[in-house]
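First the structure, in the form of structure tokens, and then the observations on it.
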Amino acid sequence: MQFQHSGMALLLILVCVSSSCQQSEHENLIGRWQNSNGPNMIFREDGTVFSINNGPRQKGRYYLNTESKPSTIVMDMRKSNINAVLYFDFTPFSARHIELTPTHIQRTGEKKKESEIKRKMLFRKIDPNDPLLGEKRFTVKTTPGAP
């Protein structure tokens with residue numbers, strides 16, 4: 001009987017330790033995400049988001065709501081060339097794969113309306129140390145004697 005209770009206690013401890021080591025969805029979202037058919041995204045811890053799609057980075061703010069069903073991301077891109085607030089359903093598949101599905105768009109000065117784009121966008125997280133795709137792919141070289 002003593003052994004059975006200690007086994008349950010050990011199991012409970014393992015569950016608690018393993019769940020405390022898992023990252024929250026918000027923590028996991030931080031980083032660079034690549035999509036093969038659309039924009040790439042960079043989510044920062046401070047709530048800043050960058051959208052990169054055939055041109056310069058477009059900067060905005062994001063909010064992840066994991067309390068709603070389905071989870072949603074709202075991206076305020078009004079201070080960029082996108083000039084709209086974008087709404088997405090957010091589905092994480094793993095620590096390295098997410099899906100964003102456009103649901104609504106609200107352009108500056110207009111009412112919120114349903115998104116015309118219905119395709120699901122699959123993203124893969126990029127390792128920041130990846131020499132080809134990561135943020136650390138750029139190196140700064142200095143020339144000796146240069147100012």
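The values are calculated or read from the model by the stated rules, or taken from the named source; none is laboratory data. Owing to the predicted nature of the structure, the values given are computational and were not obtained by experimental measurement. Don't worry about glycine lacking a Cβ; one is built from the backbone with ideal geometry, like all the others, and counts go over all protein chains shown.
Within the stretch 89-116, the residues that satisfy the criterion of being surrounded by 12 or more Cβ atoms within 10 Å (Cβ to Cβ), closer than 16 Å to Asn35 by Cα and among the hydrophobic types (A, V, I, L, M, F, W, C) are Phe90, Ala95, Ile98, Leu100. Each residue in the stretch 20-56 was checked for being modelled with pLDDT under 90 and closer than 13 Å to Ser80 by Cβ, and 5 pass.
The residues of the stretch 51-79 that are aromatic (Phe, Trp, Tyr) and buried (at least 18 other Cβ atoms within 10 Å of the Cβ) amount to a single one, Tyr62. For the stretch 76-107, taking the residues that are part of a loop (DSSP other than H, G, I, E, B) and either over 19 Å from Phe50 (Cα atoms) or of a type in the set (Gly, Ala, Ser) (or both), the one that is nearest to the chain's Cα centre (by Cα) is identified as Ala95. Scanning the stretch 73-105 for residues that are of a type in the set (Gly, Ala, Ser) and without any contact (Cβ under 8 Å) to a residue 12 or more places away in the chain yields a count of 1. Cβ separations smaller than 9 Å between residues 6+ apart or across chains give the following pairs from the stretch 46-72 residues that are outside any strand (DSSP E or B) to residues that are of a type in the set (A, V, I, L, M, F, W, C): Arg57/Ile42; Arg57/Phe50; Thr66/Phe90; Pro70/Phe90; Ser71/Leu64; Ser71/Phe90. Determine whether the stretch 128-147 contains at least one residue that is surrounded by 13 or more Cβ atoms within 10 Å (Cβ to Cβ), assigned to a strand (DSSP E or B) and modelled with pLDDT under 95. No: zero hits. Return yes when Arg61 is at pLDDT below 95 and touching a strand residue (DSSP E or B) at 6+ places or on another chain (Cβ under 8 Å) and no when it is not. Answer is no for this residue.
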